[in-house]
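Got a structure here, written out as structure tokens. Questions coming.
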Amino acid sequence: MARGFMLKLHREGHITLPPQKRKIKNPFVNRTPPPKIEVNQTLLKVDLSMIRPLEIRQVKKTDQEKVFNSLIEHQHYLRYCHPVGEQLKYMVYAQDRPIACFSWSSAPRHIGARDRYIGWNKEDRAQRLQYIAYNSRFLILFWIKVPHLASHLLGLMAKNISRDWEKIYNHPLYFLETFVDTERFSGTCYKAANWIYIGDTTGRGKNEKKHVKTRSIKAIWVYPLTKNFRIRMTGA
């Protein structure tokens with residue numbers, strides 16, 4: 001954190017750092033993409049009732065994590081991106097066959113519409129950002145054709161993720177969020193799972209200084225996990 005702050009001051013001209021003596025290789029740059037792992041791709045086109053109950057497994061640091069990474073890399077339009085911060089990876093199984101994937105990670109630091117919805121000031125956000133999980137990837141494999149599956153899975157995740165998070169990171173979650181690319185999707189499954197649309201992103205990256213749109217607009221959808229989430233997340 002201190003190094004990042006000093007680099008920021010250097011870039012903005014407030015201080016001058018000495019020349020870099022050696023270049024340190026960043027392991028997250030030019031990573032080798034996850035290799036493709038074959039799974040059962042037989043078409044599954046049935047009613048949801050025919051495959052319940054579903055099994056949701058947390059696969060981070062298990063032998064199934066490589067399968068998860070492969071499916072995201074080769075089936076999701078955003079491909080696989082190594083998550084940072086606190087994170088969990090889930091695979092959903094129907095009769096021991098993978099049908100869907102979820103990736104959750106630490107929330108972005110500043111999202112204006114979200115912060116206003118919660119009632120955060122800068123101090124609240126700095127102290128309590130850890131209580132939000134960001135749904136960074138959600139994939140239903142394209143050979144799975146089960147009506148209402150997506151919203152059903154979102155409901156199951158909302159019931160269980162805080163318990164899993166606390167087990168690994170020693171604190172609960174009070175709030176979930178995700179971003180839906182408005183040029184591709186309308187967020188139907190989130191709406192059906194009772195998530196709340198609270199606004200759009202600006203289309204600018206976190207490092208954009210000229211207030212110019214550099215990426216597609218994302219709809220912001222959120223899901224409070226407790227009725228008193230504002231009290232828990234503002235210290236009121």
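The values are calculated or read from the model by the stated rules, or taken from the named source; none is laboratory data. Just so it is clear, the structure is predicted and the values come from calculations on it, not from any experiment. Heads up, the Cβs are rebuilt from the backbone with ideal geometry, glycines too, and the neighbour counts pull from every protein chain shown.
Quick one: ASP63 ticks every box in (1) of a type outside the set (Gly, Ala, Ser); (2) touching a residue at least 40 places away in the same chain (Cβ under 8 Å); (3) surrounded by fewer than 17 Cβ atoms within 10 Å (Cβ to Cβ) except a single one, so which number is it?
For ASP63, the exception is condition (2).
Looking at (1) farther than 19 Å from SER105 by Cα; (2) at pLDDT 95 or above; (3) aliphatic (A, V, I, L, M); (4) assigned to a helix (DSSP H, G or I), which is the one condition that is false for ILE231?
Here ILE231 meets the rest and fails (2).
Sticking with this structure for a sec: Does SER186 count as part of a loop (DSSP other than H, G, I, E, B), closer than 30 Å to MET50 by Cα and modelled with pLDDT under 95?
Yes, satisfied.
Within the stretch 108-122, is there a residue that is modelled with pLDDT under 95, touching a Leu at 6+ places or on another chain (Cβ under 8 Å) and under 24 Å from TRP221 (Cβ atoms)?
Yes: the stretch 108-122 contains one or more residues that are modelled with pLDDT under 95, touching a Leu at 6+ places or on another chain (Cβ under 8 Å) and under 24 Å from TRP221 (Cβ atoms).
Hey, among the residues in the stretch 155-200 that are crowded, with 20+ Cβ neighbours inside 10 Å and among the β-branched types (Val, Ile, Thr), which one's nearest to the chain's Cα centre (by Cα)?
By that ranking, first place goes to THR178.
A further question follows. Would you confirm whether any residue within the stretch 124-131 is within 18 Å of ARG57 (Cβ to Cβ) and aliphatic (A, V, I, L, M)?
No, that holds for no residue.
Next up: Hey, does the stretch 123-140 have a residue that's in a loop (DSSP other than H, G, I, E, B) and surrounded by fewer than 18 Cβ atoms within 10 Å (Cβ to Cβ)?
No, every residue in the stretch 123-140 fails to be in a loop (DSSP other than H, G, I, E, B) and surrounded by fewer than 18 Cβ atoms within 10 Å (Cβ to Cβ).
Related question: Could you list, in sequence order, the residues of the stretch 32-67 that are within 27 Å of TRP165 (Cβ to Cβ) and part of a helix (DSSP H, G or I)?
Of everything in the stretch 32-67, those that are within 27 Å of TRP165 (Cβ to Cβ) and part of a helix (DSSP H, G or I) turn out to be LEU48, GLU65, LYS66, VAL67.
Which ones in the stretch 77-112 are more than 25 Å from GLU166 (Cα to Cα) and surrounded by fewer than 17 Cβ atoms within 10 Å (Cβ to Cβ)?
Result: TYR77, LEU78, ARG79, GLN95, ASP96, ARG97, GLY112.
Based on this model, can you work out whether SER70 counts as more than 29 Å from ILE198 (Cα to Cα), exposed (fewer than 15 other Cβ atoms within 10 Å of the Cβ) and of a type in the set (Gly, Ala, Ser)?
no
What are the residues in the stretch 170-188 that are farther than 20 Å from ASP115 by Cβ and β-branched (Val, Ile, Thr), if any?
THR182, THR188
Identify all residues within the stretch 107-122 that are over 10 Å from THR234 (Cα atoms) and outside any helix (DSSP H, G or I); write none if there are none.
ALA107, PRO108, ARG109, HIS110, ILE111
I need the full set of residues from the stretch 164-183 which are assigned to a helix (DSSP H, G or I) and either within 23 Å of ASP124 (Cα to Cα) or in contact (Cβ under 8 Å) with a residue 12 or more places away in the chain (or both), in order please.
ASP164, TRP165, GLU166, ILE168, TYR169 - these are the residues of the stretch 164-183 that are assigned to a helix (DSSP H, G or I) and either within 23 Å of ASP124 (Cα to Cα) or in contact (Cβ under 8 Å) with a residue 12 or more places away in the chain (or both).
OK, next. Are any of the residues in the stretch 131-148 over 30 Å from GLU38 (Cβ atoms), modelled with pLDDT of 95 or more and touching a His at 6+ places or on another chain (Cβ under 8 Å)?
Checked against the condition, which is being over 30 Å from GLU38 (Cβ atoms), modelled with pLDDT of 95 or more and touching a His at 6+ places or on another chain (Cβ under 8 Å), the stretch 131-148 yields at least one hit.
Inspect the stretch 90-103 for any residue being of a type in the set (S, T, N, Q) and within 23 Å of GLY155 (Cα to Cα) and give the result as yes or no.
yes
Tell me, yes or no, whether the stretch 143-152 has at least one residue that is assigned to a helix (DSSP H, G or I) and aliphatic (A, V, I, L, M).
Checking the stretch 143-152: at least one residue is assigned to a helix (DSSP H, G or I) and aliphatic (A, V, I, L, M).
I've got another one for you. Would you point out which residue out of THR32, THR42 is at pLDDT 95 or above, loosely packed, with under 10 Cβ neighbours inside 10 Å, farther than 22 Å from SER151 by Cβ and polar (S, T, N, Q)?
THR42
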